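Right, one structure below, let's go through it.
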Amino acid sequence: AREAFDMARASKELRELETQADEARASVKSLQEQLSRNTRASFVDGLNLDYLGMQLSMGVTNNLQQGLGFVVDSAETIDAAFRDMKKTVNGTEEEFQALRDAALEYSKTHITSADTILEIEAMGGQLGIAADQLEDFATVVSNLDIATNMDADEIAESMGQLDNVLGWVDGDMERFGDALVRLGNNMPAQESAIMDITTRIGAAGHMYGMTTPEILSWATAVASTGQNSEAAGTAISNTMAKIEGDVAAGGESLQKLADIAGMSSEEFKHLWETSSSDAFLAFIDGLARIDSEGGSVTNTLS
């Protein structure tokens, strides 16, 4: 919000500066016409020239100096961010220049400044994001920074971790960001809690065959219960690992899982191996059924 305010204020100041410059140009043009008329009438005196100099100083010089200072400061900030980005990103000079140009172009139509985009890309480089994905990465992070209750640093760190775990390809980051915002807007859970649990269960979920939408769905469901993110994420990951171990071992342990899910051991094993999310859901539904029928979920899990 502070960045948005600063950018809006800077834009307002720039518009005011442009208006002042237009007024100064009009004033100078008027004075030039007056000077021309006076020259033709051989009536140029020191007073007219002094007045012209005063108007130039008051209306043009200071404003031009302020505008030039603003431009120079912006260029230096962008250059510093660009140098920092090059330190962390493994890319070619052509890729670096393309990222710089894209950041500048993006800042023309969005509230996020070019140096902020380059700083996010520098964080992405540290987290192992490939050079050809950094533009998408920075765009998603900057948009989430504006649209969610998270800041750019924690978004970048979580997105970098998930990219390394889930192996996102072109467009996946943008789709993930869009889904995260929609879930935060429509479910009783903040985006920060959903993101936290997603990063905690992402590795386990991916290991056992869950897709990114399925992992995000489970994280949102858990976050919506209001559980502590760290404890809930650990519990979900441990439960997945336990089910995986029991399915692999077979026998009585697998049969107990299948009984809770309301199917045979062969059916549960097949479902877990082909769609672990559906098998996990069947297990949770089974616990809910036991509870609704007056049984003890705690005893069943024990």
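The values are calculated or read from the model by the stated rules, or taken from the named source; none is laboratory data. No experiment lies behind these values; they were computed from the predicted model shown. Cβ: placed from backbone, ideal geometry, glycine included. Neighbour counts: every protein chain shown. Side chains included, ligands, DNA and RNA excluded: accessible areas come from the protein's heavy atoms. Shrake-Rupley method; radii C 1.70, N 1.55, O 1.52, S 1.80 Å.
Annotations
- Pairwise FRET efficiency - residue 147 versus residue 285, Cβ, R0 = 35 Å, nearest 0.05: 0.60
- Pairwise FRET efficiency - residue 30 versus residue 87, Cβ, R0 = 51 Å, nearest 0.05: 0.45
- Measuring r between the beta carbons of residue 300 and residue 252 and using R0 = 22 Å, the FRET efficiency lands at 0.90.
- Accessible area (Å², per residue) of the stretch 181-227, counting only protein heavy atoms and a probe of 1.4 Å: 46
- Listed by chain and number, the lysines whose alpha-carbon sits under 18 Å from that of residue 242, ignoring those within fewer than 8 places in the same chain, are 256, 269.
- Rounded Å value of the spacing that divides the Cα centres of the stretch 270-302 and the stretch 111-155: 39
- Working note: Karplus 6.51/-1.76/1.60 with θ = phi - 60° gives the stretch 295-302 the couplings x, 9, 5, 4, 5, 4, 5, 5 Hz, where Gly and Pro are set to x.
- Residue separation of residue 175 and residue 105 scaled by 0.36 nm, minus their Cα-Cα distance, works out to 23.0 nm of gained length.
- Cα-based shape type of the stretch 172-243, given that a ≥ b ≥ c are square roots of the gyration tensor eigenvalues and the cut on a/c is 1.5: oblate
- Relative packing of 124-133, 139-148, which averages over residues the other C-beta atoms within 10 Å, highest first: 139-148, 124-133
- Model label points for residue 79 and residue 182, set 7 angstrom from Cα along the Cα-to-Cβ axis, are 4.5 nm apart.
- Taking each residue as 0.36 nm, the span from residue 238 to residue 190 lengthens on full extension beyond its C-alpha to C-alpha distance by 14.9 nm.
- Shape class for the stretch 162-213: oblate, because the ratio a/c of the largest to smallest gyration tensor axis (alpha-carbon atoms, square roots of eigenvalues) is 1.5 or more and b/c is at least a/b.
- When a 1.4 Å probe is rolled over the protein heavy atoms, the share of accessible surface on the stretch 150-284 that falls to carbon and sulfur comes to 50 percent.
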